[in-house]
1. Need one number: nm distance between label points at Leu23 and Val63, each 7 Å from Cα along Cα→Cβ, rounded to one decimal.
2. Sort the following peptides by mean Cβ neighbour count (other Cβ atoms within 10 Å, averaged over residues), highest first: 23-31, 38-46, 59-67.
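No lab work stands behind these numbers, since they all come straight from the coordinates. Remember, it's a predicted structure, so these values are computed and weren't measured experimentally. Don't worry about glycine lacking a Cβ; one is built from the backbone with ideal geometry, like all the others, and counts go over all protein chains shown.
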Amino acid sequence: MRTGRTGTEPTTARSPLRMRRALGVFGLVWTLAGVVAFALVDEPRWAALCAVLWLVAVLDLVVVTRRIRHHTQPPQLVPPGRSTRPPEKRRDDQ
C-alpha cells in the first residue's frame, strides 16, 4: 500500500531494481562459470552448489524484470465518477 509523499524522502529517489538486475546478471554469469569450472575439474558437489545458485539468480531476474515492467507501464486513466465495469443491463418490468 503506497501513500503520498511524507516530505522526508528525496524527490529524485530512484528504484533500485535496475541495480538489482545488473547484480543478478553478474551473479548469473559467475555461477554459470562456476558450474563449468567445477565440472571440468571433477568437483560435482561444488558444481551442484553453483547450479543451485544459478537457479536462484535466474528466479531473481524473472522477479526483477516483472517488477520493472510493472512499474514502467503507464497508469490506466479512468475519469472521476466513471466505473471500469461495463454498464449493467436493465430489466424491463412488465
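1. Reported label-point gap for Leu23 and Val63 is 1.3 nm.
2. Working: 23-31: 15.4, 38-46: 11.7, 59-67: 13.9.
Ranking, from highest mean packing down: 23-31, 59-67, 38-46.
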